[in-house]
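Beneath this line is the structure, given in structure tokens, with notes to follow.
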Amino acid sequence: MKVGYYQYAPEFGTPGRNLEKVENCLAGVDADIIVLPELAFTGYFFEDRDELQELAEDVSESPTVNGLSRLCKNGNFYLVTGFAERCKEKVYNAALVIGPSGLLYRYRKIHLFNTEKEYFDSGDTPLEPIEIKGVKLGVMICFDWIFPETARTLALRGAELICHPSNLVLAYCQKAMLTRCLENCVYSITANRTGKETRPRGELLFTGGSQIVGPKGEVVAGSDSEEEAVVIRDIDLSEARKKLITENNDLFADRRPEFYAYNECPSGND
Ligand code: ACM
């Protein structure tokens, strides 16, 4: 399966222009699944909830979703993209899976980062993989990485490939994702943005370094901190179904969840 990402710098507050850029860059790309960054069309560093609500879109009447659906239909691929989602009075930092037939799936970020807590509502959708072209795809967004339970839950529920739209500003995630993949025996695609946003609340520099990681914790492909690039690789998803670490150790069957609960301890030797 051919999978990858588009690493770029969305321009704040211009969803139409960002959509045009994505359409131009991805037209004619030969791929099955392409991941875009978090909040890939609005930009990231909102001044307040009013500004966010103004830029967020309802998926049922979204020029962005309509444009991406057309792009997927023409290119015969699937996109996983960050998206500022308005739903009645709520606004979510969401990720959408869109294919040739349109919108298929939506995840709303459950671990909001820093000032996101001031203007986004907390996610309320389950960590439930979706099947695309015979592959179980899990979705998480940026800061979700720091809670190992996110990737673990997706993997325990069958995810083989974790798609991870991101707007990273800290320096730890890329290394941590090698461990997330190793400990769950899954592939991941972290699509991080590049560039800088200078906004009323300050300045943020995004760290790029998008990457495709394999189930042994190996980097299959990666980008530097600044380049804008579409990167696609052929990966063998059957590798993510081999959960044996040795002939006597199964990554999931060997778990001892009765020892993991922090608020109660199983009885010891007595
Ligand atoms: C982040 O969650 N955007 C750091």
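The values are calculated or read from the model by the stated rules, or taken from the named source; none is laboratory data. A quick note: this is a predicted structure, and the numbers were derived from the prediction, not measured. Note: ideal-geometry Cβ built from the backbone for every residue, glycine included; neighbour counts use all protein chains shown. We work out accessible area using only protein heavy atoms, side chains counted, and drop any ligands, DNA or RNA first. Shrake-Rupley method; radii C 1.70, N 1.55, O 1.52, S 1.80 Å.
Data table
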quantity	calculated
For ALA176, net neighbour charge (Lys/Arg +1, Asp/Glu -1) across residues whose Cβ lies under 14 Å away	0
Highest-fluctuation residue, ASN248, ASN18, ASN184 considered, GNM on the chain with Cα pairs under 10 Å	ASN248
Computed lengthening from VAL219 to GLU23, 0.36 nm per intervening residue step minus Cα-Cα distance	67.8 nm
Gyration tensor verdict on the chain (Cα atoms; rounded if a/c is under 1.5, prolate if a/b is larger than b/c, oblate otherwise)	prolate
Over 21 Å (Cα to Cα) - which of LYS21/LYS88; LYS136/LYS243; LYS21/LYS73 fall in this group	LYS21/LYS88
Loop GluC sites (Glu not before Pro), the range 55-91, which have at most 14 other Cβ atoms in a 10 Å radius of their Cβ (DSSP)	GLU89
Largest-first ordering by accessible area, 1.4 Å probe, given options ARG256, ARG106	ARG256, ARG106
Ellipticity estimate at 222 nm from DSSP helix runs (n ≥ 4, -39,500 (n - 2.57)) divided over the chain, nearest 500	-6000 deg cm²/dmol
Most fluctuating residue given options CYS25, CYS163, CYS173, as computed from a GNM of the chain linking Cα atoms under 10 Å	CYS25
Normalised contact order of the range 114-270, rounded percent, pairs of Cα under 8 Å and 6 or more residues apart	16
Cα gyration tensor shape for the range 140-270, rounded if a/c is under 1.5, else prolate or oblate	oblate
Environment charge of GLY13, counting only residues whose C-beta is closer than 11 Å and scoring Lys/Arg +1, Asp/Glu -1	-3
For the range 131-235, size of Cβ-based charge dipole, Lys and Arg +1, Asp and Glu -1, in debye	260
Positive-end extreme of charge dipole, the range 1-124 - chosen from THR42, ASN66, THR14 (charges on Cβ)	ASN66
Solvent exposure, largest accessible area first (probe 1.4 Å, DNA, RNA and ligands not counted), of LEU251, LEU205	LEU205, LEU251
Apportionment of accessible area to carbon and sulfur, the chain, percent (1.4 Å)	48
Rounded accessible area of GLU218 (nearest 10 Å², 1.4 Å probe)	70
In order through the range 190-197: 3J(HN,Hα) via Karplus (6.51 cos²θ - 1.76 cosθ + 1.60), integer Hz, x for Gly, Pro	9, 9, 9, 8, 10, x, 9, 10
Tensor-based shape of the range 71-213 (alpha-carbon gyration tensor, a/c under 1.5 rounded, otherwise prolate or oblate)	rounded
